[in-house]
Amino acid sequence: MNFVSNAIIEHISFDRNAGLVTISYNNCPNCRNQNHQIVLIVNNNTVILNEVGVQISFRELTIGMMINAVFSSAMTRSIPPQAQAFQIQVISRIPSYETTTGRIIQIDSQNQAVTTMSDFTPSSVIRFNLSPDTVILNQRGRAIPFSRLMPGLRVRIQHASFMTASIPPQTTAFVIQML
């Protein structure tokens with residue numbers, strides 16, 4: 001069994017009869033995963049608790065929540081790996097965010113991600129992963145599709161306040177606004 005504390009929910013989806021919760025974490029002593037991300041497989045046997053320990057439903061989980069999780073040490077070799085979740089405890093429901101302004105230097109259409117550079121130094125490069133809940137806006141504040149983003153555009157991105165320790169660091173984008 002593995003235990004992770006203070007993880008952030010990055011993505012939530014459904015696959016057949018199970019829920020899938022992608023989390024980012026920094027504190028998992030027994031995990032062998034280098035990218036600090038895992039997909040928790042949630043089914044009817046998974047116990048999900050709110051901040052005070054009362055059981056809640058899977059549908060009450062939201063992107064940006066901070067959680068503690070207990071999950072199986074048997075993981076897939078996919079990236080990110082997947083493991084059966086035994087227990088999820090919500091620690092905080094307040095999605096904190098930061099804002100970064102920069103130019104798009106790369107678009108990953110397959111994985112729905114945007115890489116930006118804030119100034120002209122490699123240390124300012126950040127990869128922003130998009131979820132189905134990410135809002136993309138043009139200069140006038142109107143919603144546009146992901147396909148309208150392209151390298152060279154200047155954007156302001158509201159994103160999660162956490163980042164992975166990878167190079168470049170990665171985080172979840174909540175709102176992308178073209179400038």
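Observations
- Evaluation of V114 against (1) over 19 Å from P80 (Cα atoms); (2) in contact with a Phe, Trp or Tyr (Cβ under 9 Å, 6 or more places away or on another chain) (one fails), failing number: (1)
- Residue within the stretch 124-137 that is among the hydroxyl-bearing types (S, T, Y), at pLDDT 90 or above and under 19 Å from the mean Cα position of the chain (by Cα) present: no
- Residue that is open to solvent by less than 60 Å² (accessible area, probe 1.4 Å), on the phi < 0 side of the Ramachandran plot and at pLDDT 90 or above, where the choices are T171, T164: T171
- Contact annotation: residue pairs with Cβ atoms under 9 Å, 6 or more positions apart or on different chains, pairing a residue in the stretch 73-84 that is under 13 Å from Q37 (Cβ atoms) and touching a residue at least 12 places away in the same chain (Cβ under 8 Å) with a partner that is of a type in the set (K, R) and surrounded by fewer than 11 Cβ atoms within 10 Å (Cβ to Cβ), are M75/R32; P81/R32.
- The set of residues from the stretch 45-73 being part of a strand (DSSP E or B) and surrounded by 10 or more Cβ atoms within 10 Å (Cβ to Cβ) comprises V47, I48, L49, M66, I67, N68, A69, V70, F71, S72, S73.
- When R148, R156, R140, R127 are checked against the criterion of being closer than 27 Å to F14 by Cβ, open to solvent by 30 Å² or more (accessible area, probe 1.4 Å) and basic (K, R), a single residue qualifies: R127.
- Boolean, T101 is in contact with a Leu (Cβ under 8 Å, 6 or more places away or on another chain), closer than 30 Å to R154 by Cβ and either open to solvent by 70 Å² or more (accessible area, probe 1.4 Å) or not small (G, A, S) (or both): yes
The values are calculated or read from the model by the stated rules, or taken from the named source; none is laboratory data. Being a predicted model, the structure only gives us computed values, none of them experimental. Counting neighbours? That spans all protein chains shown, and the Cβs are built from the backbone with ideal geometry, glycine included. For accessibility, only protein heavy atoms count, side chains too; no ligands or nucleic acids. Shrake-Rupley method; radii C 1.70, N 1.55, O 1.52, S 1.80 Å.
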